[in-house]
Amino acid sequence: MAGVYDGAVQELIDEFNRLPGIGPKSAQRIAFHILEADPSDITALIEAITRVKERVHFCETCGNVTESALCIICADPRRLDSVICVVEEAKDIVAIERTREYHGRYHVLGGAINPIRGIGPDDLHIRELLARLSDGTVSEVILATDPNIEGEATATYLIRLLSTLGITVSRLASGLPVGGDLEYADEITLSRAFEGRQQIQVAQPTPVAPREVPTPSSVLDTPPVPTVDASPLPLPPRAH
Ligand SMILES: [Zn+2]
């Protein structure tokens, strides 16, 4: 949207508009809220932003956000060392923790494979994950990437990579809204997806056969039934 205000006001609107989930109208509303707000409130906001940038960083083990060297989950001796749940972003950990179903450790990839944006496996914290799996402590890896094309592509890549290590790899069960973001899944859906997670066994790499396209009626009438899928997940459609 072309700027309609002069100078500083428009600059502030433009800055808010760059934030995720903030459209031009919301950006304008927040900017005017700031213009009218008590200066002490704005100082508190600026200080909170500054503090977060100064103090908060990523956990050296899992990539979660923390103000210490280790995050509260890595530092908690009661958590299971034998299971690692792999997520795209630190905010996904919060979504999973809300379910209270999971008691293992986490690993944050820092995104998902996205060829259109030029994000490949080397841009994610996959090397760090492999390092954590090297001493034999971990017996199961749960892939909890987002249920969208990028999340599936990332899970497919990790399944192939981890299948050679003799570790049980599982993927969250269906039921999560497809195309969605893990952080927006409600607790019950996410909880069920955890309980019904499917173990993936990849004996050897097999060519991906074209799958039967479900008819609209079967999609509408039949609820997703968790099944153990013995073959790699289907590759996402290629972007043209
Ligand atoms: Zn951590």
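Where a number appears in this text, it was derived from the coordinates with a stated rule and is not lab data. This one's a predicted model, so the numbers in the text were calculated from it and none came from an experiment. Here the Cβ positions follow ideal geometry from the backbone for every residue, glycine too, while neighbour counts run over all protein chains shown.
Worth pointing out:
- Cα Rg over Rh - segment 67-117, Kirkwood: 1.02
- For segment 121-175, the Kirkwood hydrodynamic radius comes to 11.8 Å, computed from all pairs of different C-alpha atoms.
- Cα-Cα separations in segment 7-130 greater than 19 Å, expressed as whole percent: 63 percent
- On a per residue basis, the convex hull of the C-alpha atoms belonging to segment 1-50 measures out at 82 Å³.
- Sites E97 and Y5, calculated FRET efficiency, Cβ-Cβ separation with R0 35 Å, nearest 0.05: 0.25
- Relative packing of 92-104, 6-18, which averages over residues the other C-beta atoms within 10 Å, highest first: 92-104, 6-18
- Judged by the mean number of other Cβ atoms found within 10 Å, the most tightly packed of the peptides 84-91, 124-131, 47-54 leads the ranking 84-91, 124-131, 47-54.
- Estimated vicinal HN-Hα couplings, Hz - segment 75-81 in sequence order (Karplus 6.51, -1.76, 1.60; Gly, Pro = x): 7, 8, x, 7, 6, 6, 7
- Computing FRET efficiency as 1/(1 + (r/R0)^6) for I22 and D135, where r is the C-beta to C-beta distance and R0 is 45 Å, gives about 0.55.
- Length released on extending from S40 to A69, taking residue separation times 0.36 nm less the Cα-Cα span: 7.2 nm
- For V65, the amide hydrogen comes within under 5 Å of the amide hydrogens of C59, counting only partners 5 or more places away or on other chains and with H modelled in the peptide plane.
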